[in-house]
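The block underneath contains the structure these notes are about, expressed in structure tokens.
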Amino acid sequence: MPPSSTTLSIPSPSDVPRHVAVIMDGNGRWATQRYLPRTAGHARGVQAVRRLVEACGTRGVQYLTLFAFSSENWRRPADEVSMLMRLFIQTLEKQIDRLEEQGVRLRVVGDLDAFEPHLQHLILDAQERTSHNTALHLTIAANYGGRWDILQAMRQALVAHPELADKPHALSEAMLLPYLTMAFAPEPDLFIRTGGEQRISNFLIWQLAYTELYFTDEYWPDFNEKQLDAAFEWYRSRERRFGRTSAQLTKPS
Ligand code: IPE
Ligand code: IPE
Ligand code: MG
């Protein structure tokens, strides 16, 4: 299947979003509110991930993409960063069997070279072990940045098409698409950000071009099936026009 693009072709609508992308925000504030260290919020956040994976599976979502660590999150205090890395390792070690049983295909996107070798090894192993699964494509964005993604795709496209150096106008969207890290998935239909902030924070900046954006004040550790269903209900009420007029949707010309 060639990589799809909402600016090159119009996708057919579906009641349940095929691809849901989530910024899981508010772990630190959830913990602070309870006089707990921020790291306790991250640990609770993992439970919310498990709930969400299950809920998306039963609702027929095909792709779930979660922002776990941004390319800018290295700016946090060193002890928080190292706790997040440890949590990532522990979660992979503990959850991989369950993901496999659930038919989940796991991918990790981002600049993985920055991670310690043991974590890189676990990621590659988990991807390999689940590569035959098809029930749900679960993607974790780790050390991911939307700008990094576009730049690395551009570099690969230039290597694959050296003629572009002399003919830059020949560069097309279709030439770039295969090199974006999310090339295997349709663009997200629904974006959810918990924690009250209304920003993209360098997540999938290319792929969110026509995504419906849903923001909720709930902190990530509190996000559950009920809130997911509320987001889906809101999503169903949206009119996705992809540049066309409303009248064209009811009476295609
Ligand atoms: C999101 O929660 C998790 C990561 C970025 C790793 P935060 O840690 O950003 O929580 P708040 O926004 O400070 O509450
Ligand atoms: C975005 O949350 C990144 C993740 C959830 C992994 P941040 O908490 O880092 O975003 P900002 O700094 O508030 O924009
Ligand atoms: Mg935050």
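Farthest toward the positive end of the dipole of the stretch 19-235, out of Pro168, Asn73, Cys56, is the Cα of Asn73, where the dipole comes from beta carbon charges about the Cα centre. The Val159 and Ile10 beta-carbon pair, evaluated with R₀ = 25 Å, returns a calculated FRET efficiency of approximately 0.20.
Of the GluC sites (Glu not before Pro) found in the stretch 174-248, the ones in coil according to DSSP and having at most 15 other Cβ atoms within 10 Å of their Cβ are Glu197, Glu239.
Where Lys and Arg each count +1 and Asp and Glu each count -1, what net charge lies around Tyr144 among other residues with Cβ under 12 Å from its Cβ? Charge balance in the 12 Å sphere: -1. Counting only protein heavy atoms and a 1.4 Å probe, the chain has 53 square angstrom of accessible area per residue.
How would you classify the chain from its alpha-carbon gyration tensor, with a ≥ b ≥ c the square roots of the eigenvalues: rounded for a/c under 1.5, else prolate if a/b is greater than b/c, otherwise oblate? Verdict is oblate for the chain. With a Förster radius of 30 Å applied to the beta-carbon distance between Glu100 and Ala174, the computed FRET efficiency rounds to 0.30. Estimated from helices alone, the mean residue ellipticity of the chain at 222 nm is -12500 deg cm²/dmol (sum of -39500 (n - 2.57) over DSSP H runs with n ≥ 4, per residue).
Run the paramagnetic zone check for Leu249: 7 angstrom along Cα to Cβ, then residues of the stretch 191-210 with backbone nitrogen under 19 Å. Counting backbone N atoms under 19 Å from the label point, the list is 191-192, 208-210. The magnitude of the dipole of the stretch 19-235, with charges of +1 and -1 set on the Cβ of Lys/Arg and Asp/Glu and taken from the Cα centre, is near 440 debye.
Solvent-accessible surface of protein heavy atoms, probed at 1.4 angstrom with all chains present, puts His42, His118, His161 in the order His118, His161, His42, largest first.
For the stretch 1-141, the dipole from Cβ point charges (+1 on Lys and Arg, -1 on Asp and Glu) about the Cα centre works out to 520 debye, to the nearest 20.
The values are calculated or read from the model by the stated rules, or taken from the named source; none is laboratory data. None of the values given here were measured: they were computed from a predicted structure. Here the Cβ is made from the backbone with ideal geometry for all residues, glycine too, and neighbour counts use every protein chain on show. For accessibility, only protein heavy atoms count, side chains too; no ligands or nucleic acids. Shrake-Rupley method; radii C 1.70, N 1.55, O 1.52, S 1.80 Å.
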